[in-house]
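Engineer: Have a look at this one.
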Amino acid sequence: MKKSLIFLFLLLCCGFSGLSQKTEKESAKSGYNAELAKKLGADQYGMKKYVMAFLKKGTVSLKDSAERANLQMAHLRNIIKLAKEGKLIVAGPFLDNQEIRGIFIFNLESVEEATQLTSTDPAVKAGTLIMELHPWYGSAALIESLKIHKSLEKVSVAD
């Protein structure tokens with residue numbers, strides 16, 4: 001997951017480096033793929049709108065380790081379900097055990113729709129996580145990251 005966050009950082013840096021207007025000829029030289037850009041919903045800069053969620057520590061703390069493990073597995077199954085539906089494209093925990101536990105990036109433009117999806121998460125329902133949602137602008141290429149991830153994943157959480 002640490003590598004995924006580094007990849008995300010690199011995409012952000014590279015995505016914003018070419019914000020100047022380009023002619024069609026310059027775009028062709030740079031490898032611009034109009035068909036792929038359209039498929040991914042990219043704007044002229046190769047970017048699109050998403051909704052980012054910060055998963056924060058909730059008000060409920062489960063003491064029973066079996067109950068915590070079951071809730072975590074239900075949370076992961078929900079993540080996998082949303083990813084398979086194409087609605088969630090990045091998810092992962094932070095590793096420093098602070099207030100913010102992780103992030104989601106939803107392939108949605110509406111915070112309202114993301115609110116509906118996050119309310120289905122078992123950890124949110126149980127009160128162990130709270131979602132803080134923000135509209136976000138990032139590289140349209142993020143959508144392809146799940147396909148790439150599958151080829152890198154030796155063991156699946158879903159197994």
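Bear in mind that the values in this text are calculations on the coordinates, not laboratory data. Computed from a predicted structure; not experimentally measured. Neighbour counts are summed over all protein chains in view; Cβ atoms, including those assigned to glycine, are modelled from backbone coordinates with ideal geometry.
Engineer: With 10 angstrom as the radius, rank 76, 129 by how many other C-beta atoms surround their C-beta, starting from the fewest.
Structural biologist: Taking fewest neighbouring Cβ atoms as first place, the list is 76, 129.
Engineer: A follow-up question, please. Over the residues of region 35-159, compute the C-alpha Rg and express it relative to 2.2 N^0.38 Å.
Structural biologist: 1.11
Engineer: Rank the residues 149, 75 as a footprinting-exposure proxy: fewest other Cβ atoms within 10 Å of their Cβ go first.
Structural biologist: Ordered from fewest to most neighbouring Cβ atoms within 10 Å, 149, 75 come out as 149, 75.
Engineer: Could you give me the ³J(HN,Hα) list for region 43-53, computed from phi with Karplus coefficients 6.51, -1.76, 1.60 and θ = phi - 60°, whole Hz, x at Gly and Pro?
Structural biologist: Taking θ as phi minus 60°, the curve returns 7, 5, 9, x, 10, 7, 8, 9, 10, 9, 10 Hz for region 43-53.
Engineer: Excluding residues fewer than 8 places away in the same chain, name every one of the aspartates and glutamates whose C-alpha is closer than 18 Å to that of residue 56.
Structural biologist: Cα-Cα hits under 18 Å: 96, 99, 121, 132.
Engineer: Also, I was wondering about something else. Using the number of other C-beta atoms within 10 angstrom as an exposure proxy, rank 50, 137 with the fewest first.
Structural biologist: Working: 50 24, 137 14.
Fewest to most other Cβ atoms nearby, the residues stand as 137, 50.
Engineer: Give the share of C-alpha pairs in each 5 angstrom bin for region 86-154, from 0 to the last occupied bin, in whole percents, shortest bins first.
Structural biologist: For region 86-154, the pair-distance distribution reads 3, 14, 23, 23, 20, 13, 3, 0.
Engineer: Under 5 Å between amide hydrogens, which residues at least 5 positions from residue 92 or on another chain qualify, with H placed 1.01 Å from N in the peptide plane?
Structural biologist: 103
Engineer: Past 24 Å, Cα to Cα, is the threshold; run 48/84; 38/87; 48/125; 49/84 against it and keep the listed order. Intermediate values should be presented prior to the final figure.
Structural biologist: On the way: 48/84 20 Å; 38/87 18 Å; 48/125 30 Å; 49/84 19 Å.
Over 24 Å apart, Cα to Cα: 48/125.
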